[in-house]
1. Sort out which residues of region 197-224 are assigned to a loop (DSSP other than H, G, I, E, B) and under 13 Å from the mean Cα position of the chain (by Cα), and write them in order of number.
2. Determine whether region 200-208 contains at least one residue that is touching a Leu at 6+ places or on another chain (Cβ under 8 Å) and at pLDDT below 95.
3. ARG153 - would you say it is at pLDDT 85 or above and either in a helix (DSSP H, G or I) or in contact with a Leu (Cβ under 7 Å, 6 or more places away or on another chain) (or both)?
4. So, in region 16-47, how many residues would count as being assigned to a helix (DSSP H, G or I) and over 18 Å from PRO161 (Cβ atoms)?
5. So which of ALA165, ALA246, ALA250 ends up being part of a helix (DSSP H, G or I), without any contact (Cβ under 8 Å) to a residue 12 or more places away in the chain and either among the hydrophobic types (A, V, I, L, M, F, W, C) or in the same structural domain as ALA111 (by TED's automatic domain parsing) (or both)?
6. Name the single residue, out of those in region 213-225 being surrounded by 15 or more Cβ atoms within 10 Å (Cβ to Cβ), of a type outside the set (Val, Ile, Thr) and modelled with pLDDT under 95, that is nearest to GLY179 (Cα to Cα).
7. Looking only at residues that are of a type in the set (Gly, Ala, Ser) and at pLDDT 90 or above in region 104-131, which one is surrounded by the most Cβ atoms within 10 Å (Cβ to Cβ)?
Amino acid sequence: MTSTKGTGTAHGKRVFLVQRTFADLEGSQGPSAIARATGLDVATVYRILQDGLADGTFVQVKAGARSSYSLGPGAFRLSMQALAQTPGPDTTHAVLDQLQRSTDGLVAYYAVVGHRRICTDYAIGSFDPLSIGIDPFQLVKYSRSLRTGASGRVILAHMPPSIQAQVLAEPVPEGVGPGVIRDNNLLIESLTSIHDLGYAIGRQECMNGWDSVAVPVIWGGTIQGSLLLWIPAEKMPKDTSQLVAATLTAGETLSQLATAPWCSASAA
């Protein structure tokens, strides 16, 4: 039996291993399932879970013979602290603004929130949003689902299978553009292509009359969000390589900023 006595490095590694397993398996898990995934014995996993209940790192979802646990508010506090170390809005907006000026398109950054996305920053130059002729609240609804639009599919392509299945089970929001991918088999094929290529092209998916290029923003191997470039469909070139290259460069810059020693960088 694996021993967890003491507070040394070995025990600490086991604790972090159990925490990471929740992210890999997702949802609530019993000690036996965690033990199989980690290679630890059940007794060790059970003790770690019980210790984590005290500070809210874990919460017990079901009790009894089939007891199960999930990550708790303590884990959420850790994630908030981690996100606080990512680049601030001034730095990230400068990247968006540069991409907007070099392409004359509309640029938006979408952050991952669970199995959805939310726009946290944008750069539109002198463009008048009212000229789109669409209710902004409706646009939020269209772009919320990860199955809708290039920015959503880029994120979805880097999500674990369980979240992909959850999103694929969602209905396509009403009112989206004519290019939205409604067939799940075609959508899954697009995710594989996106993962291989590193970007997605959208053809009037979220809005009629607007095409797009989207790239992922990755932090330490984990999807953090997506960078989206909107171009009017009539201005979208047949050869999209230059727009793709510009968006990829901006996305890579955001990814590098996210992994940088941000405390020292922000003080510079």
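The values are calculated or read from the model by the stated rules, or taken from the named source; none is laboratory data. Every value quoted in this text rests on a predicted model; they were computed, and no experiment measured them. Cβ sites come from the backbone with ideal geometry, for glycine too, and all protein chains shown count toward neighbours.
1. Those that are assigned to a loop (DSSP other than H, G, I, E, B) and under 13 Å from the mean Cα position of the chain (by Cα): GLY220, GLY221.
2. Among the residues of region 200-208, at least one is touching a Leu at 6+ places or on another chain (Cβ under 8 Å) and at pLDDT below 95, which makes the answer yes.
3. On the way: at pLDDT 85 or above: yes; either in a helix (DSSP H, G or I) or in contact with a Leu (Cβ under 7 Å, 6 or more places away or on another chain) (or both): yes.
It is true that ARG153 is at pLDDT 85 or above and either in a helix (DSSP H, G or I) or in contact with a Leu (Cβ under 7 Å, 6 or more places away or on another chain) (or both).
4. First, the residues of region 16-47 that are assigned to a helix (DSSP H, G or I): 16-25, 31-38, 42-47.
From what's left, over 18 Å from PRO161 (Cβ atoms): 16-19, 31-32, 34-35, 38, 42-47.
Count: 15.
5. The unique qualifying residue is ALA165.
6. Filtering first and then ranking leaves GLY225.
7. Of region 104-131, the ones of a type in the set (Gly, Ala, Ser) are 105, 108, 111, 114, 123, 125-126, 131.
Pick out the ones that are also at pLDDT 90 or above and you get 105, 108, 123.
On the way: GLY105: 26, ALA108: 21, ALA123: 19.
Per the criteria, the residue is GLY105.
Each row is one residue, and each column tells you yes or no for (1) in contact with a helix residue (DSSP H, G or I) (Cβ under 8 Å, 6 or more places away or on another chain); (2) over 16 Å from SER70 (Cβ atoms); (3) in the same structural domain as SER70 (by TED's automatic domain parsing); (4) modelled with pLDDT of 85 or more.
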residue	(1), (2), (3), (4)
ARG14	yes, yes, yes, no
VAL18	yes, no, yes, no
ALA23	no, no, yes, no
GLU26	yes, no, yes, no
ILE34	yes, no, yes, yes
GLY39	no, yes, yes, yes
VAL42	yes, yes, yes, yes
ARG47	no, yes, yes, yes
GLN50	no, no, yes, yes
